[in-house]
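Asks: Dropping a structure here in structure tokens format, bear with me for questions.
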Amino acid sequence: LLSFCGAASLAFAQGLVQPGRLRWRYVLSVLDQDGLRSIPVLGMLSFLLGVVIAYQAGVQFRVYGGNLYVVDLVGITVLRELGPLMTAIVVAGRSGSAYTAQIGTMQVTEEVDALRSIGVSPLDLLVLPKILGLVLALPLLTVFADAAAVGGGMVMSALMLDISPEVFIRRFPEAVSINSLLTGVAKAPVFAAAIATVGCYQGFQVRGGADSVGRHTTASVVMGIVLVIVLNAAFSVAYSWLGL
């Protein structure tokens, strides 16, 4: 895996020096497949996440008469932690597995060997567009997921805590700073690079037939989600040290 990360980093550096090496058409395809088409399921899950957070917090805040503080909890929790994390987990399950299945199938049918035989680098064609496309897409998906989750919290606050949308919107910028949004979005490119790299790496490890594709696809999803959670914990520790 370390060797694969090094080769991918070297290929990416060469692509920066020579932009013509990058397959921009494939990058746009990744933005469409893994970005735009992820919006419906991500929006639904994020909205329900905001509903659940507001409901569970509202039960406790209502006892002590602190209904308005649900805005603080929803905003900070979603923007700093759960929004980026939920987005990365959904993408790891949806896109990371697809990368492994695609490259793994090409391994089984010897298409990867055919690319090498005609002088086309599999890293340039199959890996770099996926990493670059996901790095561009995930921050945008994170912002969308944040908005959907906050919207869910606002709806539940209006229904359960008698906090009107107008009051919620006025309170939100007072409770949540722009720093909370930026620290959450800053995680997204790192999560995206990790998910795409693991998905592609597992695809190149496929040997044999369809059974191997299935095993490595499962390993890709598990490894991607675990890596995202570990990276999120590392970001939390780093932000604490930096006072962010």
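The values are calculated or read from the model by the stated rules, or taken from the named source; none is laboratory data. Note that the structure is predicted; figures quoted are calculated from it, not measured. Counting neighbours? That spans all protein chains shown, and the Cβs are built from the backbone with ideal geometry, glycine included. Just so you know, the surface numbers come from the protein's heavy atoms only, side chains and all, with ligands and any DNA or RNA stripped out. Shrake-Rupley method; radii C 1.70, N 1.55, O 1.52, S 1.80 Å.
Asks: Would you confirm whether any residue within the range 191-207 is within 11 Å of residue 84 (Cα to Cα) and either among the aromatic types (Phe, Trp, Tyr) or surrounded by fewer than 20 Cβ atoms within 10 Å (Cβ to Cβ) (or both)?
Replies: Let us first name the residues in the range 191-207 that are within 11 Å of residue 84 (Cα to Cα), namely 191-192.
Next, only the ones that are either among the aromatic types (Phe, Trp, Tyr) or surrounded by fewer than 20 Cβ atoms within 10 Å (Cβ to Cβ) (or both) stay: 191.
Yes: the range 191-207 contains one or more residues that are within 11 Å of residue 84 (Cα to Cα) and either among the aromatic types (Phe, Trp, Tyr) or surrounded by fewer than 20 Cβ atoms within 10 Å (Cβ to Cβ) (or both).
Asks: Any residue that is over 18 Å from the mean Cα position of the chain (by Cα), free of Cβ contacts under 8 Å to residues at least 40 places away in the same chain and open to solvent by less than 50 Å² (accessible area, probe 1.4 Å) - is there at least one of those in the range 212-231?
Replies: Yes; the residues of the range 212-231 include at least one that is over 18 Å from the mean Cα position of the chain (by Cα), free of Cβ contacts under 8 Å to residues at least 40 places away in the same chain and open to solvent by less than 50 Å² (accessible area, probe 1.4 Å).
Asks: Quick test of your reading of the structure: residue 114 fulfils all but one of (1) open to solvent by less than 50 Å² (accessible area, probe 1.4 Å); (2) within 25 Å of residue 191 (Cβ to Cβ). Name the failing condition by number.
Replies: That leaves (2) as the condition not met.
Asks: If you check residue 74 against the conditions, is it open to solvent by less than 20 Å² (accessible area, probe 1.4 Å), modelled with pLDDT of 85 or more and touching a Pro at 6+ places or on another chain (Cβ under 6 Å)? Walk me through it before giving the result.
Replies: On the way: open to solvent by less than 20 Å² (accessible area, probe 1.4 Å): yes; modelled with pLDDT of 85 or more: yes; touching a Pro at 6+ places or on another chain (Cβ under 6 Å): no.
Against the criterion (open to solvent by less than 20 Å² (accessible area, probe 1.4 Å), modelled with pLDDT of 85 or more and touching a Pro at 6+ places or on another chain (Cβ under 6 Å)), residue 74 does not qualify.
Asks: If I filter the range 1-23 down to residues being part of a helix (DSSP H, G or I) and under 22 Å from residue 206 (Cβ atoms), which single residue comes out as most open to solvent (accessible area, probe 1.4 Å)? Let's see the steps before the verdict.
Replies: Restricting attention to the range 1-23, the residues satisfying the condition of being part of a helix (DSSP H, G or I) are 2-17, 19-21.
Next cut, under 22 Å from residue 206 (Cβ atoms) only: 2-8, 11.
Working: 2: 149, 3: 98, 4: 28, 5: 47, 6: 40, 7: 40, 8: 8, 11: 8 Å².
Result: 2.
Asks: Turning to a different aspect of this structure: Yes or no: residue 97 surrounded by fewer than 17 Cβ atoms within 10 Å (Cβ to Cβ), at pLDDT 85 or above and of a type in the set (S, T, N, Q)? Give the steps one after another, and end with the answer.
Replies: Numbers: surrounded by fewer than 17 Cβ atoms within 10 Å (Cβ to Cβ): no; at pLDDT 85 or above: yes; of a type in the set (S, T, N, Q): yes.
For residue 97, the condition - surrounded by fewer than 17 Cβ atoms within 10 Å (Cβ to Cβ), at pLDDT 85 or above and of a type in the set (S, T, N, Q) - is not met.
Asks: For the range 111-119, indicate whether the set of residues that are within 26 Å of residue 13 (Cβ to Cβ), outside any helix (DSSP H, G or I) and not basic (Lys, Arg) is non-empty.
Replies: Among the residues of the range 111-119, at least one is within 26 Å of residue 13 (Cβ to Cβ), outside any helix (DSSP H, G or I) and not basic (Lys, Arg), which makes the answer yes.
Asks: Name the single residue, out of those in the range 47-71 being of a type in the set (Gly, Ala, Ser) and open to solvent by less than 30 Å² (accessible area, probe 1.4 Å), that is farthest from the chain's Cα centre (by Cα). Spell out the reasoning first.
Replies: Quick first cut of the range 47-71, residues of a type in the set (Gly, Ala, Ser) only: 50, 54, 57-58, 65-66.
From what is left, the residues that are open to solvent by less than 30 Å² (accessible area, probe 1.4 Å) are 50, 54, 57-58, 66.
Working: 50: 17, 54: 23, 57: 26, 58: 28, 66: 33 Å.
Within the range 47-71, the match that is farthest from the chain's Cα centre (by Cα) is 66.
Asks: Out of the range 11-66, which residues are over 16 Å from residue 133 (Cβ atoms) and of a type in the set (S, T, N, Q)?
Replies: 14, 18, 46, 56, 60, listed by residue number.
Asks: Another question, if that's okay. Exactly one condition in (1) in contact with a helix residue (DSSP H, G or I) (Cβ under 6 Å, 6 or more places away or on another chain); (2) at pLDDT 90 or above is not met by residue 237; state its number.
Replies: (1)
Asks: Inside the range 24-75, can you point out the residues that are assigned to a helix (DSSP H, G or I), among the polar types (S, T, N, Q) and farther than 22 Å from residue 183 by Cβ? Full working, then the answer.
Replies: At the first step, the residues of the range 24-75 found to be assigned to a helix (DSSP H, G or I) are 24-64, 69-75.
Adding the requirement that they be among the polar types (S, T, N, Q) leaves 29, 33, 38, 46, 56, 60.
Those that are assigned to a helix (DSSP H, G or I), among the polar types (S, T, N, Q) and farther than 22 Å from residue 183 by Cβ: 29, 33, 38, 56, 60.
Asks: Given the options 178, 89, name the one that is among the β-branched types (Val, Ile, Thr), open to solvent by 20 Å² or more (accessible area, probe 1.4 Å) and at pLDDT below 90.
Replies: On the way: 89 fails: at pLDDT below 90.
Just one listed residue meets the conditions, 178.
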